[in-house]
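The next block holds one structure in the form of structure tokens; read it before the comments.
The values are calculated or read from the model by the stated rules, or taken from the named source; none is laboratory data. The model shown is predicted, which means the values in this text are computed figures rather than measured ones. When we count neighbours, we look across all protein chains shown, and the Cβ atoms used for this are built from the backbone with ideal geometry, even at glycine. With ligands, DNA and RNA removed, areas are computed over all heavy atoms of the protein, side chains included. Shrake-Rupley method; radii C 1.70, N 1.55, O 1.52, S 1.80 Å.
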Amino acid sequence: MLFLHFLFLDVVLGGSITENVVQENISFYVMQISSYANKSWVQNHGSGWLDELQTHGWDSESDKIIFLHTWSRGNFSNEELEDLQLLFHAYFSGLALRIQHQPSQLEVKYPFEVQARAGCELHSGEHTKGFIHAAVNGLNFLSYQNKSLVPSPEGGTRAQKFCDLFNTYEGIRETVYYLIRDTCPRFLLGLLDAGKMDLQRQVRPEVWLSSSPNLEPGRLLLACHVSGFYPKPIWVMWMRGAQEQLETKQGDILPHADGTWYLRVTLDVAAREAAGLSCRVRHSSLRDQDIILYWGHGLSVILITFAVIVPLVLLIVLMLLYKKRCTYQGIQ
């Protein structure tokens, strides 16, 4: 979780925050998706990510970095960011030219798609690790080891030829090494420092239960809704006492417009066995106080409230009518 990473950040930057340093790995990486339709058409999509949080985009029309947060520039100067912008532009252009002008050498068949991820990971109290992974049409193509690109077995001769070609360019190899071993870690620490207030934000989830009839008679689909929480990591499980229900199914964690998240977790159960089940939610904003909602309790509260309020209202109405009648008779 990103908020835990600041424990490590304060130690690295000389701050004093706690004696208990959480052993967490922090990564920043850029992602590339390049779609090649033919020799004259290619579309590039680029993005930057701090773990699971997107921090940057890439405008392929203007060849400029898109900063998605006020702190997405980190502590880099405008000159450093402009240099990186030119570097990404040169990379996208150069890769397209290399592939489009030498398709036979690389055994390329159109159409195809290239997916790549490159960045760095900081290990708290240990070292920095740089990485590059690339795939073609979803199959592993190459990775980065010891200042060189290494072909993946799935890549076959195409991957071998591409890596051999890349590894002959000593200047490019040194540039890549510098980017992932020096530039990336500095930029990552700058992002964590600049975005500290935003990244440490904690928002408690709201939780409610619902059910719907299953297609199979006599069964219910119980749903536990968890909404409005931040940060994204969360644990939700249907329980019977202290026993986790392994049939619990978790949906995708979906974003809200305000940056918080929503999750729906379901359990298919026989209607007669629903009693005694509960939904348990753990989240960093809750500290050690898990939210537990018991199936049926919410309904019981509503029924009790309804049973108390309705007779009370009827009693008040009857009293008013009786008082009005007595007043009317007194006037007569």
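Odds and ends about this structure:
- The stretch 227-240 - residue that is among the hydrophobic types (A, V, I, L, M, F, W, C) and more than 22 Å from residue 54 (Cα to Cα) and, of those, most open to solvent (accessible area, probe 1.4 Å): 237
- Residue 173 passes every criterion in (1) in contact with a His (Cβ under 7 Å, 6 or more places away or on another chain); (2) open to solvent by less than 70 Å² (accessible area, probe 1.4 Å) apart from (1).
- Selection of the stretch 177-189 for residues being β-branched (Val, Ile, Thr) and buried (at least 19 other Cβ atoms within 10 Å of the Cβ) yields only 180.
- Those strands (runs of 3 or more DSSP E) of the stretch 138-219 in which 1 or more residues are modelled with pLDDT of 95 or more and under 30 Å from residue 100 (Cβ atoms) occupy 139-145, 148-151.
- Filter result for the condition that a residue is open to solvent by less than 40 Å² (accessible area, probe 1.4 Å), outside the structural domain of residue 255 (by the TED database), closer than 30 Å to residue 284 by Cβ and not aromatic (Phe, Trp, Tyr), over 192, 149: 192
- Considering the stretch 196-211, the residues that are open to solvent by less than 60 Å² (accessible area, probe 1.4 Å) and among the hydrophobic types (A, V, I, L, M, F, W, C) include one that is farthest from the chain's Cα centre (by Cα), namely 209.
- Comparison of 222, 277, 293, 267 shows that the only residue that is open to solvent by 50 Å² or more (accessible area, probe 1.4 Å), over 23 Å from residue 52 (Cβ atoms) and more than 20 Å from the chain's Cα centre (by Cα) is 293.
- Residue 95 vs. criteria assigned to a helix (DSSP H, G or I), in contact with a Ser or Thr (Cβ under 9 Å, 6 or more places away or on another chain) and open to solvent by 20 Å² or more (accessible area, probe 1.4 Å): yes
- Any hit, the stretch 80-94, residues being over 19 Å from residue 179 (Cβ atoms) and modelled with pLDDT of 80 or more: no
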